[in-house]
Amino acid sequence: MDKRMSPDQAVARLWSGMTLGIGGWGSRRKPMALVRAILRSDLTDLTVVCYGGPDVGLLAAAGRIAHLVTAFVTLDSVPLEPHFRAARESGSLPRLTEYDEGMFLQGLRAAAQRLPFLPIRAGLGSDVLRINPGLRTVTSPYPDGEELVAVPALRLDAALIHLNRADRSGNGQYLGPDPYMDDLFAAAADAAYLSCERLVDTADLLKEGGPASLLIPRHDVTGVVEAPNGAHFTSCAPDYERDEAFQRGYVRAAADPDAWGAFTERFLSGDEADYQAAVTAFAAHAAEADR
């Protein structure tokens, strides 16, 4: 089955008020072309579930998030995502659920297995239970009688993920150092939209990586988007590393409303082709300045 579509066609299948999982980790292999397509849409009131990075920052800056479920929101080389910080400080982010990283992972596992919850030791004796009073504990039914945190399933209406390669049927391959739980995001969702650096024939998927690199099976994928440089400005190793120069510009712009207005006009006012052209011009200017 041919599942190819454009970023805007994938986003057209989403709806306001939904629970949306976004794969990747911090400022690494985020499906940014799909996030930018959301910014071009009228989607709002989203519950966003992710290990957060600039995806959260951009959506928060645009006022699209009603509820954020996360373990952190970082740009990696910049510890705290600036738009997320601003939204928290101003109170413009209506609702936040913060979990320990392991608890978040367990919630994805529970959803992927269609379980209501899974137990974990993480969180016991910490403020995670205090700031999340809705969390419950369970007691082991076995002789140990151990008390554990019951992490609720993080069920998703849809998930957005970005990988290095995919075929038109939705088989997805990662070639970098870490899967970043993208397979769990896809399995935990009712629909998953996979963007990739390059579409290849199914027979060619193993030319760059072994069988273990085939991360996501086609039955977990609803749509496939070929989006070269689609994780920019986050990394997508080994295809490219994080664009640190661009990220620094993003952080500087986030600190000033006028600068942010100029940034959005330059990079986010058009379609994905316009964005990539603006990024190319930015890189050329930066290279010229370094000479």
For the condition in contact with a strand residue (DSSP E or B) (Cβ under 6 Å, 6 or more places away or on another chain), more than 26 Å from Pro31 (Cβ to Cβ) and part of a loop (DSSP other than H, G, I, E, B), what is the one hit in Gly170, Gly123? Gly123
Would you please name the residue that is surrounded by the most Cβ atoms within 10 Å (Cβ to Cβ), looking only at residues in the stretch 206-222 that are modelled with pLDDT of 95 or more and assigned to a helix (DSSP H, G or I)? Asp220
Within the stretch 8-35, restricting attention to residues that are touching an Asp or Glu at 6+ places or on another chain (Cβ under 6 Å) and not in a loop (DSSP other than H, G, I, E, B), which residue is nearest to Glu226 (Cα to Cα)? Ala33
In the stretch 249-264, residue farthest from Ser6 (Cα to Cα) [restricted to those that are surrounded by 11 or more Cβ atoms within 10 Å (Cβ to Cβ) and free of Cβ contacts under 8 Å to residues at least 12 places away in the same chain]: Asp256
Give the residue, chosen from Leu108, Leu68, that is in contact with a Ser or Thr (Cβ under 8 Å, 6 or more places away or on another chain), within 21 Å of Ala186 (Cα to Cα), in contact (Cβ under 8 Å) with a residue 24 or more places away in the chain and buried (at least 16 other Cβ atoms within 10 Å of the Cβ). Leu68
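Yes/no matrix, rows are residues, columns are (1) touching a residue at least 12 places away in the same chain (Cβ under 8 Å); (2) closer than 30 Å to Ala284 by Cα; (3) among the polar types (S, T, N, Q):
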| position | (1), (2), (3) |
| --- | --- |
| Thr202 | yes, no, yes |
| Gly209 | yes, no, no |
| Ser213 | yes, no, yes |
| Arg218 | yes, no, no |
| Thr222 | yes, no, yes |
| Val225 | yes, yes, no |
| Ser235 | yes, yes, yes |
| Asp239 | yes, yes, no |
| Glu244 | yes, yes, no |
Can you name the residue in the stretch 83-105 that is without any contact (Cβ under 8 Å) to a residue 12 or more places away in the chain and over 19 Å from Arg130 (Cα atoms) and is also surrounded by the most Cβ atoms within 10 Å (Cβ to Cβ) among such residues? Arg85
Count of the stretch 125-166 residues which are surrounded by 14 or more Cβ atoms within 10 Å (Cβ to Cβ), without any contact (Cβ under 8 Å) to a residue 40 or more places away in the chain and not small (Gly, Ala, Ser): 5
Take Asp220 and tell me if it is farther than 17 Å from Asp55 by Cα and over 17 Å from the mean Cα position of the chain (by Cα). no
Can you pull out the residues in the stretch 36-84 that are within 21 Å of His232 (Cβ to Cβ), among the β-branched types (Val, Ile, Thr) and either in a helix (DSSP H, G or I) or touching a His at 6+ places or on another chain (Cβ under 7 Å) (or both)? Ile38, Val56
For Glu272, state whether it is under 22 Å from the mean Cα position of the chain (by Cα), crowded, with 17+ Cβ neighbours inside 10 Å and among the charged types (D, E, K, R). yes
For the stretch 185-212, name all the residues that are in contact with a Leu (Cβ under 7 Å, 6 or more places away or on another chain) and over 20 Å from Lys3 (Cβ atoms). Glu208, Gly209
Residues satisfying the stated conditions in the stretch 152-167, i.e. out of contact with any helix residue (DSSP H, G or I) (no Cβ under 6 Å at 6 or more places or on another chain) and either modelled with pLDDT under 95 or in a loop (DSSP other than H, G, I, E, B) (or both): Asp157
Considering only the stretch 1-23, I want to know if a residue exists there that is more than 19 Å from Leu268 (Cβ to Cβ) and in contact with a His (Cβ under 9 Å, 6 or more places away or on another chain). yes
State all residues of the stretch 265-276 that are in a loop (DSSP other than H, G, I, E, B) and in contact (Cβ under 8 Å) with a residue 24 or more places away in the chain; if no residue qualifies, say none. Leu268, Asp271
The stretch 180-205, residues that are in contact with a strand residue (DSSP E or B) (Cβ under 6 Å, 6 or more places away or on another chain), part of a loop (DSSP other than H, G, I, E, B) and either surrounded by fewer than 18 Cβ atoms within 10 Å (Cβ to Cβ) or among the aliphatic types (A, V, I, L, M) (or both): Ala191, Val200
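The values are calculated or read from the model by the stated rules, or taken from the named source; none is laboratory data. All of these numbers come straight from a predicted model, not from anything done at the bench. We place every Cβ from the backbone using ideal geometry, glycine too, and count neighbours over all the protein chains shown.
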